[in-house]
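Bear in mind that the values in this text are calculations on the coordinates, not laboratory data. Keep in mind the model is a prediction, meaning the values are calculated, not measured. Here the Cβ positions follow ideal geometry from the backbone for every residue, glycine too, while neighbour counts run over all protein chains shown.
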Amino acid sequence: MTPSTIDFGLSYIRFATKEVAAKYRRTNYDKICRNVVTLGRSYFISWDFPIAGRCEISPRLAADWIRRQDAADKSQPKFSNSSGLLTYREISQMSDRQLSAVVSNSEMPVCITWNQDSKILAANFPVSATNGKPLPEMIGESITSLWDEDELNRLLGYVSLDKYVEAISYWSYKWVRNGSHWGRVRQNLVGNFYAIEYMGVPCRMSVGVHAV
């Protein structure tokens, strides 16, 4: 594993020396913290030389880091009802920390979803209107069951080809509470999508998605 890669399936990484481990931690700390919060479990970095050791990044520590960083990024661009959409160039040049700040600061619904399994990596409260579940229950959850496979592939095809798709119409399902269980209802939607990289993996950022 290279020092710039975070493996979503692992909760640890091991290096030969403390120096290399420290460099990895410095370079990837923000990504690691956001991954820890998404997965809800600690991440361990260990080394063998000169004396074997390890450090733990716990969910609480990671959440505190993210809150401090996001508070410092309040001046970052955002999607607002008055100023509208950001350009693809603006979005594509942002770091993970800046993208996370855009999500949390925006007035419009904004969601970052991992393309591989449609897992939600970041979202803000307005997304609940079309997802159906409260924000805490969305983060880290795959929404594959809310998609028709052909419809998802059609959308991903456009986003992959054009990198930015504005006001595209599509349909998906929405979660609805049925007693103690969750059911689904179909909904027709319109939204804007950006192709981005977040936490080192290909993702799509949806903005301003709303039912029609």
Quiz item: Of the conditions (1) buried (at least 16 other Cβ atoms within 10 Å of the Cβ); (2) on the phi < 0 side of the Ramachandran plot, residue 80 fails just one. Which one is it?
Solution: (1)
Quiz item: Hey, any hits in the range 36-43 for a residue that's under 25 Å from residue 155 (Cβ atoms), assigned to a loop (DSSP other than H, G, I, E, B) and in contact (Cβ under 8 Å) with a residue 12 or more places away in the chain?
Solution: no
Self-check item: Pairs with Cβ under 6 Å, 6+ apart, first in the range 50-64 and under 15 Å from residue 26 (Cα atoms), second assigned to a loop (DSSP other than H, G, I, E, B) and of a type outside the set (Phe, Trp, Tyr)
Solution: 56/42
Quiz item: In the range 47-160, which strands (runs of 3 or more DSSP E) lie fully inside it and hold 2 or more residues that are among the aliphatic types (A, V, I, L, M)?
Solution: 110-114, 119-123
Quiz item: Among the residues of the range 188-197, is any touching a Cys at 6+ places or on another chain (Cβ under 9 Å), part of a strand (DSSP E or B) and of a type in the set (Gly, Ala, Ser)?
Solution: yes
Quiz item: Being over 16 Å from the mean Cα position of the chain (by Cα) and either under 23 Å from residue 96 (Cα atoms) or of a type in the set (Asp, Glu) (or both), is that true of even one residue in the range 127-143?
Solution: no
Quiz item: Mind checking which residues of the range 188-212 are farther than 20 Å from residue 30 by Cα, surrounded by fewer than 16 Cβ atoms within 10 Å (Cβ to Cβ) and either among the charged types (D, E, K, R) or in contact (Cβ under 8 Å) with a residue 40 or more places away in the chain (or both)?
Solution: 210, 211, 212
